[in-house]
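Asks: What follows is a single structure, and I will ask about it in a moment.
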Amino acid sequence: MNKKIRIVIAKPGLDGHDRGAKYIARALKDAGYEVIYTGIRQTPESIVATAIQEDVDFVGLSLLSGAHNELFPRVVDLLNSQNAGDIVVFGGGVIPEEDLAFLKERGIEAIFRPGAPISEVISFIESKTGSTAA
Amino acid sequence: MPDNKELNKKSLWEETTLGKVTSRFPLRDNLVTGSDVETDNIYIPIENFSYDKKLGFPGEYPYTRGVQPTMYRGRFWTMRQYAGFGTAEESNSRYKYLLAQGQTGLSIAFDLPTQIGYDSDDPISAGEVGKVGVAIDSLKDMETLFDGIPLDKVSTSMTINAPAAVLLAMYIIVAEKQGVSKDQIRGTIQNDILKEYIARGTYIFPPAPSMRLINNIFEYCSAEVPKWNTISISGYHIREAGSTAVQEIAFTIADGIEYVKNAIGVGLDVDNFAGRLSFFFNAHNDLLEEIAKYRAARRIWAKVMKEKFSAKKEKSMMMRFHTQTAGSTLTAQQPDNNIVRVAIQTLAAVMGGTQSLHTNSKDEALALPTEDSVRVALRTQQIVAHESGVANIVDPLAGSYYIEQLTDKIEAETWNYINKIEEMGGMVKAIEKGYVQKEIQDSAYRYQKAVEKGDRVVVGVNKFTIEEPAPGGLLRVNPELQKVQEENLTIVRSERDNARVRECLSALSEGASKEDINLMPLIIDSVREYATLGEISNVLREKFGEYRESIVL
Amino acid sequence: MELIKRITRGNTRAIARGISVIENNSDTKEELIDGLYPFTGKAQIIGITGSPGAGKSTIVDRIIQFERNNNKKIAVIAVDPSSPFSGGAILGDRLRMQTHATDPGVFIRSMASRGYLGGISAATSGAIKVFDAAGFDTIIIETIGVGQTEVEVIELADLIILTLVPGMGDEIQAMKAGIMEIADLFLVNKSDIDGADRLKSEIEYMLMLGPENDKAHTPQIKLVSAKNNSGTEELYNTMFKQLTLFKESGLLDKRRKERIKMEIEHIFIDKLKDILNTRLNLKENMGIWIEKVYNREIRPYNFVNKKMENLKKENLL
């Protein structure tokens, strides 16, 4: 057995600011994870199709446009409806603290806000998988 | 190069006076600029410094000291707050508020569907309508947006790129309906597609047809809308994406070179359009590095225009620029600290000689800015203008050993990049290769790593942190907005003359397939008949195809 | 095995899981592959290789479109390198194919090389079987594209496409011996830039000097610009024309049998390795042996022969 943790990093919606998403992708790679990077302007449908085909353990969503309350839950709902509710969804971007409770309730398991260090993301992943990447 | 005699003295000082101290009290770690440039123990006079060649006088070649002879001793820079959200109606009242507060120009933020040429009822727009700016679907929305704002009195900057021609056409017609003719309106469209491919992401078409649209705008405006700035070549977003100061101006100037080359390539005379080119830079935290950056940028552009493109008119060589404080430096933690950051950045822009300035609001790392925080941001500019005294002096830091050496260094490194990109065959090629994106990403990655390791301190984020309650009172965009826009669209589509719309769109489609047709008049015709932004963009998508991201990390 | 049934019915989640089982070398891997085996052999397998930046993913994106226009189901395996330092990887090839992400007739799977050399990953051959059994008509393998050593794709594909771009004339000289010899179809991408025609004649010249080929295997050269979508339809048609020729001439069968031979050999070698690993407790002993050989205390052949004798004596081999 030689299981690798696989993670989709995606930008839903129309927002083109990909500095954060690319940083996370690269940092997760350096931490030993296999990261599938989809690029910008992804619909929730294409993110979910990607996550399922790639058989990932996590989906990380990055969004700075403020459309997170609409788009993040949609990804979770689609995963659930396609029998892939076991895939863990987390998110990041310009997200007000007052939205965190709502997003959590809708199945986004963690939100990383501006300034959150990558170590927080990694400990979250480790806590969910019970192991480290390498 | 520093003076030899002084250099010897400096070495002696480093060995004796300085060395004695540092052997007991070592220097701090990480004595680098905001862009990671090492700094020296002390800066001393430069050998054979040529005042005339390097600096000259304000309003004279090479414009290092500024493009106007009076600078702010005549009048202050234009204070221009970027704003827009929700419906055209909501944005309209924010603009009126800002004008009443003493703002001197408008700056329109559009939502993402508008920026990418989709109507609000397009499925792809779901969730994004009205979020980062105002939603504009048709001329109708534009009429509402400027209702009661006299377009002969204000200058308007529009952050719009891929569909810039369409929004400009809408503006022209709104003015026309107000009784203001095309040659009276003043303003700027961003219209800088290359940096969209590099850093910002709101592109629609591939490079070739995009460049054609830009040329069409240059040509049309030089004849019909002479007071309009046809492009704002933007380093702002390149810096926000994580570039260094040098990369910011180098890639922006390389973009500028590409636009000029292209326009000349289709037969436009450089002095006919170059005077209407404007630039847009970032103001970051490292005060002195930023000031040197602006000075270097002006000097390089003047040389580019004079030496490379043989521009004759002085105006063609002047780099006029708008500045915005750095959104990426604002922190969600202890947001009040952002007011201080913005004040420092404002000083950088003003001492660097900007023509206009947007100051960010303290809550932008959290959500859209509230009216209160926008007012504080504007007040910051007003305090620097009226109280700090820096606006009374032209290029106040000229002659500083450090500033002049840093200006030279930034210039030299910028030329290295420009030459390298030229060798690759120009900016479009360099972008297609992914070279520019890779350079920026590497800088961004290095910066972020330094922050995470604590080598670079961000106050309130990785040092001096506190437990704080969640901030309240954030501005929310009405979630029903999409429905409102959809309903408005239905009304527009039912009230307009649909046969005329079809005629105009098919004329546009036909024009698009012929290289030598200027599309501006055809777009204006379509807009006048209330063809929507999405309809017009789709006609062009069909003819031009769509650009897709292809570069991976 | 329930998973096998679901894969052969084309269930997306099952296909994805099946590939992971193989990729992670799970205990059920052999059962899965053997269970799928009777359902395989129908798909046409195309390998596409060439340097990074040659436009492989964009070409694949276009091929997908043509296949879909013909109502064919297509799967893509895109291999990217794993970092030798962290073991992690950024898999970004599918970014250029994302317009097909939600098309149920298209399945794109990114794979990290996980230390495997040769431009593919150890699990690529297994993944092909999963797709084949799931009823995909065409399977494309996009290799990492690090250079001329990526000949292993020939062990997997019915047809090999090599993507080249103008401006790498010297590289062609260097490639003579490796990848150039296995390609069935040379694709000169970015034909809109200078030097495309020169590159084409260089390839022609090189092929002329190469070994004689039987008729069905005359390599084709095509000029395309994937970005502008010019020449891509002709490329697509040529691919399948060539495959038909291979089939008719018996070359396809020959290749597939060669592939099976290699696969059997691989399995044997892997199994023998496993046996050696456990019987000789390599994990613990190797370090000791290295020291001894390094210090010239023992000689390599003599040492290994003795160990083998022992195994035979004990009936462990």
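The values are calculated or read from the model by the stated rules, or taken from the named source; none is laboratory data. Computed from a predicted model, the values in this text were never measured in an experiment. Cβ placement follows ideal geometry from the backbone for every residue including glycine, while neighbour counts extend to all protein chains displayed.
Asks: Six or more apart or on different chains, Cβ atoms under 6 Å: show the pairs whose first residue is in the range C:89-108 and away from chain B (no Cβ under 12 Å) and hydroxyl-bearing (S, T, Y) and whose second is assigned to a helix (DSSP H, G or I) and buried (at least 22 other Cβ atoms within 10 Å of the Cβ).
Replies: Sorted first by the residue in the range C:89-108, then by its partner, the pairs are C:T102/A:A49.
Asks: Confirm whether C:E67 is closer than 30 Å to A:E45 by Cβ and either part of a helix (DSSP H, G or I) or not assigned by TED's automatic domain parsing to the domain that holds C:T238 (or both).
Replies: When the stated conditions are applied, C:E67 passes them.
Asks: While we're looking at this one, here's another question. Given the residues C:K200, C:K254, C:K307, which is the only one that is touching a Leu at 6+ places or on another chain (Cβ under 8 Å), assigned to a helix (DSSP H, G or I) and not assigned by TED's automatic domain parsing to the domain that holds C:T138?
Replies: Result: C:K307 is the single residue among C:K200, C:K254, C:K307 that is touching a Leu at 6+ places or on another chain (Cβ under 8 Å), assigned to a helix (DSSP H, G or I) and not assigned by TED's automatic domain parsing to the domain that holds C:T138.
Asks: Moving to a separate point now. For the range B:206-216, state whether one or more residues are surrounded by 21 or more Cβ atoms within 10 Å (Cβ to Cβ) and touching a Lys or Arg at 6+ places or on another chain (Cβ under 9 Å).
Replies: no
Asks: Any chance the range C:114-136 includes a residue that's more than 12 Å from every other protein chain (Cβ to nearest Cβ), β-branched (V, I, T), surrounded by fewer than 24 Cβ atoms within 10 Å (Cβ to Cβ) and in contact with a helix residue (DSSP H, G or I) (Cβ under 8 Å, 6 or more places away or on another chain)?
Replies: no
Asks: Can you tell me which residue in the range B:422-471 is surrounded by the most Cβ atoms within 10 Å (Cβ to Cβ), limited to those that are over 21 Å from the mean Cα position of the chain (by Cα) and acidic (D, E)?
Replies: Looking at residues that are over 21 Å from the mean Cα position of the chain (by Cα) and acidic (D, E), I get B:E432.
Asks: Looking at C:A89, is it farther than 25 Å from C:Y37 by Cβ and either more than 17 Å from the chain's Cα centre (by Cα) or of a type in the set (S, T, Y) (or both)?
Replies: Yes: the conditions hold for C:A89.
Asks: Then there's this: Pick out, from the range B:86-184, the helices (runs of 4 or more DSSP H) lying fully within it that include 2 or more residues that are crowded, with 22+ Cβ neighbours inside 10 Å and either small (G, A, S) or within 14 Å of chain A (Cβ to nearest Cβ) (or both).
Replies: Output list reads B:88-100, B:112-115, B:164-178.
Asks: Could you say whether any residue in the range C:47-57 is within 25 Å of A:V56 (Cβ to Cβ), away from every other protein chain (no Cβ under 13 Å) and not in a helix (DSSP H, G or I)?
Replies: yes
Asks: Counting just the residues of the range B:343-372 that are in contact (Cβ under 8 Å) with a residue 60 or more places away in the chain, among the aliphatic types (A, V, I, L, M) and within 21 Å of B:G130 (Cβ to Cβ), which one comes out farthest from the other protein chains (Cβ to nearest Cβ)?
Replies: B:L368
Asks: When the residues of the range A:25-40 are narrowed to those that are surrounded by fewer than 24 Cβ atoms within 10 Å (Cβ to Cβ) and in contact (Cβ under 8 Å) with a residue 60 or more places away in the chain, which ends up farthest from A:I118 (Cα to Cα)?
Replies: A:G32
Asks: Would you point out which residue out of A:E70, A:E105 is within 10 Å of chain B (Cβ to nearest Cβ) and surrounded by fewer than 24 Cβ atoms within 10 Å (Cβ to Cβ)?
Replies: A:E70
Asks: Taking helices (runs of 4 or more DSSP H) that do not extend beyond the range B:428-527, which have at least 1 residues that are closer than 25 Å to B:G86 by Cα and more than 13 Å from chain A (Cβ to nearest Cβ)?
Replies: So the answer is B:481-495.
Asks: Kindly state which strands (runs of 3 or more DSSP E) lie completely within the range A:1-79 and contain at least 2 residues that are in contact with an Asp or Glu (Cβ under 7 Å, 6 or more places away or on another chain).
Replies: Passing ranges, in order: A:6-10.
Asks: Of the numbered conditions (1) under 20 Å from B:S443 (Cα atoms); (2) surrounded by fewer than 24 Cβ atoms within 10 Å (Cβ to Cβ); (3) more than 8 Å from every other protein chain (Cβ to nearest Cβ), A:A21 satisfies every one except a single condition; which is it?
Replies: (2)
Asks: Right, something else. Can you name every residue in the range C:98-115 that is farther than 13 Å from A:I47 by Cα and not β-branched (V, I, T)?
Replies: C:P104, C:G105, C:F107, C:R109, C:S110, C:M111, C:A112, C:S113, C:R114, C:G115
Asks: Out of the range B:49-74, which residues are within 27 Å of B:K5 (Cα to Cα), in a loop (DSSP other than H, G, I, E, B) and without any contact (Cβ under 8 Å) to a residue 24 or more places away in the chain?
Replies: If the condition is that a residue be within 27 Å of B:K5 (Cα to Cα), in a loop (DSSP other than H, G, I, E, B) and without any contact (Cβ under 8 Å) to a residue 24 or more places away in the chain, then B:S50, B:G56 are the ones that fit.
Asks: Take the residues in the range A:41-66 that are facing chain C (nearest Cβ under 7 Å) and among the small types (G, A, S); name whichever of them is surrounded by the fewest Cβ atoms within 10 Å (Cβ to Cβ).
Replies: Only one residue fits best here, namely A:S46.
Asks: Now, a different point. Is it the case, given these coordinates, that B:I124 is modelled with pLDDT of 95 or more and not acidic (D, E)?
Replies: No; evaluated as a whole, the condition is false for this residue.
Asks: Would you mind finding the one in B:I189, B:I204, B:I217 that is within 14 Å of chain A (Cβ to nearest Cβ) and at pLDDT 95 or above?
Replies: Result of the check over B:I189, B:I204, B:I217: B:I204.
Asks: For C:G50, which of the numbered conditions (1) farther than 20 Å from C:D137 by Cα; (2) free of Cβ contacts under 8 Å to residues at least 40 places away in the same chain fails to hold?
Replies: Condition (2) is where C:G50 drops out.
Asks: Kindly indicate the residue of the range B:293-309 that is closer than 20 Å to B:D52 by Cβ and among the hydrophobic types (A, V, I, L, M, F, W, C) and also nearest to the chain's Cα centre (by Cα) among those meeting that condition.
Replies: B:A297
Asks: One residue is enough: does the range B:543-552 have a residue meeting the conditions touching a Phe, Trp or Tyr at 6+ places or on another chain (Cβ under 7 Å) and among the charged types (D, E, K, R)?
Replies: Checked the range B:543-552: at least one residue is touching a Phe, Trp or Tyr at 6+ places or on another chain (Cβ under 7 Å) and among the charged types (D, E, K, R).
Residue-wise test of (1) in a strand (DSSP E or B); (2) in contact (Cβ under 8 Å) with a residue 12 or more places away in the chain.
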residue	(1), (2)
A:A84	no, yes
A:V89	yes, yes
A:L103	no, yes
A:E109	yes, yes
A:P114	no, yes
A:S119	no, no
A:E126	no, no
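Asks: So which residues in the range B:244-268 are over 13 Å from the mean Cα position of the chain (by Cα), over 19 Å from B:G352 (Cα atoms) and at pLDDT 95 or above, if there are any at all?
Replies: B:A254, B:I257, B:E258, B:Y259, B:V260, B:K261, B:I264
Asks: Something else: Tally time: how many residues in the range B:310-342 are without any contact (Cβ under 8 Å) to a residue 12 or more places away in the chain and in contact with a strand residue (DSSP E or B) (Cβ under 8 Å, 6 or more places away or on another chain)?
Replies: Residues flagged as without any contact (Cβ under 8 Å) to a residue 12 or more places away in the chain and in contact with a strand residue (DSSP E or B) (Cβ under 8 Å, 6 or more places away or on another chain) within the range B:310-342 amount to 0.
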